[in-house]
Amino acid sequence: MRKTLRTSLALGAVAAMMLAGCSTSERGDGETPTDTGTGTAGSEAPAGFDAGAKIGVSLPQQTSENWVLAEDLFNQGLKDAGFEPMVQFANNGASEQQQIGAMITSGVKVLIIGAVDGGQLGAQAEEAKKEGITVIAYDRLLTNTKDVDMYIAFDPFRVGELQGDSLLQGLAALKGSGPYNIELLAGSPDDANSAKFFDGAMSKLQPKIDDGTLKILSGQTKFDQVATQGWKAENAQSRFSTIMTANYEKEELHGILSPNDTLARAALTAVDQAGKDYIPVATGQDSEVESVKWVLDGRQYSTIYKDTRELVKESINAVIALQKGEQPQINDTESYDNGVKVVPSFLLEPVVVTKENAKEVYAGDPFVGELVK
Ligand code: BGC
């Protein structure tokens, strides 16, 4: 089990640990990382800035409800903390996210970025750093740039592990003793999260593929074969329609690894439209309203809860620390290597939700809480 430490270590201790290259665990060893270092995001105290400063938040397309929620939460939360929010979506994709340039020009002090394409924002991040702006990767990592100061997210590798475990549990609970036929779905290849979700899930599923418990009749097992461009439901649905016709005329499809709720519903719809009278065990993510309803009535086996209020709150806490000239809190210094550096991270723990624990998990949630009353 990953241990996300919340206690704060003295900055010196973290710096010493990083200098000594003293990591306590590494990904890929089958177990999730353990003590990953807790402390603050850098070695020098930041300069601080005016209490009423402008803060830029650049969000990707509204490909799932979490992004829509984040917009309101950032606007409200930043205002409540005394800042001037500048929150924009890049609904037309990566090119529109060049909007970050205008945020820099307008004098923002911190940039919080949920990237469309995490590998395409190096120039903007570099420009921001030249202006003394702190760059925070929000939910999705910025890759191949040294100019990202910090990453705040519900640990995406852990999300994948929970999805893999949940698929195996669902199959055992609902589809007899196996072997099981499953098909895989992954998110958009330009989103750095997609490979993490997939790798986390495959760390649980691959051993069961290897020992013959899981079979993938389409033969599509590689990330590139199962990725879904743009996180678009129609892409997943048409791929699954083709798979159903080609591979499941006679065989039953028992399970679907889906990286999020939108794609889970798309794949399940394709199965339904193929005229099947069974429902595969499907995973998801985001606790979208429609999928929570499906989980409750048995159409989708599980989802993941990543409380957007928490993610936004931690991001605003980082802004507040920076404004005061303090380093934001981090709790991981080794898990997220962006190709150029290991990005100091504040990782939150995602929660898997099935019909069994939905009531407990969603109690008190302003968006889906009503559904479990
Ligand atoms: C987020 C997921 C979301 C997906 C599509 C990912 O980067 O982490 O929560 O489902 O993007 O919007």
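Listed by position, the strands (runs of 3 or more DSSP E) inside region 278-373 whose residues that are among the aliphatic types (A, V, I, L, M) and over 20 Å from L263 (Cα atoms) number at least 2 are 345-348. Residues in region 92-104: is at least one in contact with an Asp or Glu (Cβ under 7 Å, 6 or more places away or on another chain), open to solvent by 20 Å² or more (accessible area, probe 1.4 Å) and within 15 Å of the ligand (Cβ to nearest atom)? Yes, there is a match, as at least one residue in region 92-104 is in contact with an Asp or Glu (Cβ under 7 Å, 6 or more places away or on another chain), open to solvent by 20 Å² or more (accessible area, probe 1.4 Å) and within 15 Å of the ligand (Cβ to nearest atom). When region 140-165 is limited to residues that are of a type in the set (A, V, I, L, M, F, W, C) and within 15 Å of the ligand (Cβ to nearest atom), the one that is nearest to N317 (Cα to Cα) turns out to be I152. G170 meets each of the listed conditions (1) surrounded by fewer than 24 Cβ atoms within 10 Å (Cβ to Cβ); (2) under 30 Å from G132 (Cβ atoms) apart from (2). Within region 268-275, is there a residue that is among the small types (G, A, S) and not assigned by TED's automatic domain parsing to the domain that holds G200? For region 268-275, residues among the small types (G, A, S) and not assigned by TED's automatic domain parsing to the domain that holds G200: absent. Here is a check on your reading of the model: is G118 at pLDDT below 95 and open to solvent by less than 10 Å² (accessible area, probe 1.4 Å)? Judged against the criteria, G118 is not a match. Filtering region 56-80 down to residues that are in contact (Cβ under 8 Å) with a residue 24 or more places away in the chain and open to solvent by 40 Å² or more (accessible area, probe 1.4 Å), which residue is farthest from the chain's Cα centre (by Cα)? Ranking the candidates gives L73 first.
Report the residue count in region 248-281 for those that are among the β-branched types (V, I, T) and within 16 Å of the ligand (Cβ to nearest atom).
The qualifying residues number 2.
Return yes when F223 is touching a Phe, Trp or Tyr at 6+ places or on another chain (Cβ under 7 Å) and open to solvent by 40 Å² or more (accessible area, probe 1.4 Å) and no when it is not. For F223, the condition - touching a Phe, Trp or Tyr at 6+ places or on another chain (Cβ under 7 Å) and open to solvent by 40 Å² or more (accessible area, probe 1.4 Å) - is met. Kindly indicate whether G187 is more than 16 Å from the ligand (Cβ to nearest atom) and within 16 Å of the chain's Cα centre (by Cα). No: the conditions fail for G187.
Residues of region 81-112 that are assigned to a loop (DSSP other than H, G, I, E, B), over 19 Å from D190 (Cβ atoms) and among the aliphatic types (A, V, I, L, M): A81, V108.
Residues considered: A137, A115, A123, A128. Of these, the only one that is of a type in the set (G, A, S), outside any loop (DSSP other than H, G, I, E, B) and within 16 Å of the ligand (Cβ to nearest atom) is A137. No other residue among D337, D307, D297 is more than 16 Å from R140 (Cα to Cα) and open to solvent by 10 Å² or more (accessible area, probe 1.4 Å) apart from D297. Scanning region 350-366 for residues that are open to solvent by 60 Å² or more (accessible area, probe 1.4 Å) and in contact with a helix residue (DSSP H, G or I) (Cβ under 7 Å, 6 or more places away or on another chain) yields K355, K359, A363.
Would you confirm whether any residue within region 146-155 is surrounded by fewer than 24 Cβ atoms within 10 Å (Cβ to Cβ) and assigned to a helix (DSSP H, G or I)? Looking through region 146-155, none of the residues is surrounded by fewer than 24 Cβ atoms within 10 Å (Cβ to Cβ) and assigned to a helix (DSSP H, G or I).
The values are calculated or read from the model by the stated rules, or taken from the named source; none is laboratory data. Worth saying up front: this structure is predicted, and the values here are computed from it rather than measured. Glycine gets a Cβ as well: all are built from the backbone with ideal geometry, and neighbour counts include every protein chain shown. Side chains included, ligands, DNA and RNA excluded: accessible areas come from the protein's heavy atoms. Shrake-Rupley method; radii C 1.70, N 1.55, O 1.52, S 1.80 Å.
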